[in-house]
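Reading through the structure tokens given below for one structure.
The values are calculated or read from the model by the stated rules, or taken from the named source; none is laboratory data. Since the model is a prediction, treat every value here as computed from it, not as a measurement. A quick note on method: Cβ atoms are made from the backbone with ideal geometry, for glycine too, and the neighbour counts reach across all protein chains shown.
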Amino acid sequence: MSFSTLGLSKPLVEAVAEQHYTKPYPIQEDAIPAILRGKDVLGIARTGSGKTASFALPILELFHRAKPVHVKRVSVLVLVPTRELAIQVAEVFQTFAEALTHPVKTVAIYGGVSINPQMIAVHGAEIIVATPGRLLDLVSSNALRLSDVEILVLDEADKMLDLGFADEMNRVFDLLPTRRQTVLFSATLGDAIADINKNLLHDPVTIQIDDEEQDIDLIKQLAYRVDAERKGPLLRYLIKTGNMKQVLVFVSSVRTADNVVTKLNKNGIQAAAIHSKKTQGARSEALSKFKAGKLTVLVATDLMSRGIDIQFLPYVINFELPRSPKDYIHRIGRTGRAEASGEAISLIIPDDEHHFKIIQKKMGKRVEMLPSEAIDLSGY
Ligand code: AMP
């Protein structure tokens, strides 16, 4: 299977090759033709499956096939849960749109920054990638109309609901024409998603990508038994002796994130945190420095880890375990993506051992537990 047999025209096929996509991912094989046929799509797939390109490419193909219009209007709306994801998804559209013969403008809309530049930026936009709250602000200040939307994409719909966007999403749906194509992506299929499916999608093509097992097999997982007070030194020891250059460290609170970063920096390891108390500017800067390899460690809480899209991330360290096994799998899935292998290390204090057993059981895989008391941590 190649991208051209899926129905993409030459400019997009070439743009895809430029991104070093050699062949379509399974989700792309299913979603691209369905979206091109005008079908609604329900995709159960998580970040890392290639879902962004699976909707961005066919949508841009439809623009490519259509005659250019003089009066630009918003005909595609992509709703996303976080600012980070808004920026990343918009970038995917912008990158591939460069290949098209007539320009298609994509704008990312998200809160936490001043609204005025966005009011100006949306002028002439045909594709909007937005978090629900800020989108509604722009609509109510008449900067934007949604009455011409032909395609609605809900990306990470489960996360949007988890974050409490249900009301705002419903208000957005009310502003859209009823005749439209709807594409919904979610990592899980819970009751709330089933409801949205029933109410918003018409006879959808359902795509389920069960790639977690396969991805997990690519990831080398191990754990260290460690006393709470030796955790910080052990983290620094592992990073330094393992000569790790790009590590994503997970913690469960904003406070721990800041503490871990302070200690790492004091010990000469370049680190920054991204969490909900950081400004949008600080978060974006940390993420882009980390991606560019200018920062060794990025410390993140679970919420902020959504939408961090880095190809070939070699190391993930769980400084603290997440509560749910699902989040554990999601965290370690940050490595071993895009068919590259990676390593996930968990630091387990005595109080967490039982919980870690539950996680392993749910995951259906045993993780090797190494002792750490013999490791000399002085100086770390
Ligand atoms: P996503 O699930 O959309 O976050 O995509 C995960 C990563 O896979 C991104 O870094 C994409 O650039 C990359 N990707 C998507 N499709 C392909 C493909 N067909 N071949 C190689 N990489 C891809």
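I'm checking my understanding of the structure. Among residues of the range 145-167 that are crowded, with 24+ Cβ neighbours inside 10 Å and modelled with pLDDT of 95 or more, which one is nearest to the chain's Cα centre (by Cα)?
That would be D155.
Of all residues in the range 177-230, which are more than 25 Å from the chain's Cα centre (by Cα) and touching a residue at least 60 places away in the same chain (Cβ under 8 Å)?
Selection gives H202, D203, A223, Y224, R225, V226, D227, A228, R230.
Would you be able to say whether some residue in the range 101-120 is closer than 22 Å to I44 by Cα and in a loop (DSSP other than H, G, I, E, B)?
No; the residues of the range 101-120 include none that is closer than 22 Å to I44 by Cα and in a loop (DSSP other than H, G, I, E, B).
Just checking, which of S75, S54 is polar (S, T, N, Q), assigned by TED's automatic domain parsing to the domain that holds V122 and surrounded by 23 or more Cβ atoms within 10 Å (Cβ to Cβ)?
S54
Please go through (1) away from the ligand (no atom under 16 Å from the Cβ); (2) buried (at least 19 other Cβ atoms within 10 Å of the Cβ); (3) over 20 Å from L175 (Cβ atoms); (4) of a type in the set (A, V, I, L, M, F, W, C) for V107 and return the number of the only condition it doesn't satisfy.
Every listed condition holds for V107 apart from (3).
Just one of the numbered conditions (1) within 13 Å of the ligand (Cβ to nearest atom); (2) in contact (Cβ under 8 Å) with a residue 12 or more places away in the chain is not true of T22; which one?
(2)
Taking only pairs six or more apart or across chains, which ones have beta-carbon atoms under 6 Å, a first residue in the range 38-60 that is closer than 21 Å to D158 by Cβ and modelled with pLDDT under 95, and a second residue that is near the ligand (Cβ under 7 Å from one of its atoms) and polar (S, T, N, Q)?
G50/Q28
Suppose we filter the range 325-351 for residues that are modelled with pLDDT of 85 or more and assigned to a loop (DSSP other than H, G, I, E, B); how many remain?
1
So M1 passes all but one of these: (1) part of a helix (DSSP H, G or I); (2) modelled with pLDDT under 95; (3) surrounded by fewer than 22 Cβ atoms within 10 Å (Cβ to Cβ). Which condition number does it fail?
(1)
Can you tell me which residues in the range 35-82 are in contact with a strand residue (DSSP E or B) (Cβ under 8 Å, 6 or more places away or on another chain) and within 16 Å of the ligand (Cβ to nearest atom)?
I35, V41, G43, I44, A45, K51, S54, F55, I59, V78, L79, V80
Of all residues being over 22 Å from Q94 (Cβ atoms) and within 14 Å of the ligand (Cβ to nearest atom) in the range 25-34, which is surrounded by the most Cβ atoms within 10 Å (Cβ to Cβ)? Just the residue, please.
The extreme case among them is D30.
Considering every residue within the range 156-171, establish whether at least one is of a type outside the set (G, A, S) and over 20 Å from A192 (Cβ atoms).
The answer is no, given that none of the residues of the range 156-171 is of a type outside the set (G, A, S) and over 20 Å from A192 (Cβ atoms).
Sort out for me the helices (runs of 4 or more DSSP H) sitting completely within the range 168-257 that have 2 or more residues that are assigned by TED's automatic domain parsing to the domain that holds K326 and surrounded by fewer than 18 Cβ atoms within 10 Å (Cβ to Cβ).
Of the helices (runs of 4 or more DSSP H) lying wholly inside the range 168-257, those with at least 2 residues that are assigned by TED's automatic domain parsing to the domain that holds K326 and surrounded by fewer than 18 Cβ atoms within 10 Å (Cβ to Cβ) span 212-218, 231-241.
Would you mind telling me which numbered condition in (1) surrounded by fewer than 17 Cβ atoms within 10 Å (Cβ to Cβ); (2) more than 30 Å from S147 (Cβ to Cβ); (3) among the β-branched types (V, I, T); (4) in contact with a strand residue (DSSP E or B) (Cβ under 6 Å, 6 or more places away or on another chain) I274 fails?
I274 satisfies every listed condition except (1).
Which numbered condition in (1) touching a residue at least 24 places away in the same chain (Cβ under 8 Å); (2) within 16 Å of the chain's Cα centre (by Cα) is the only one that E91 fails?
(1)
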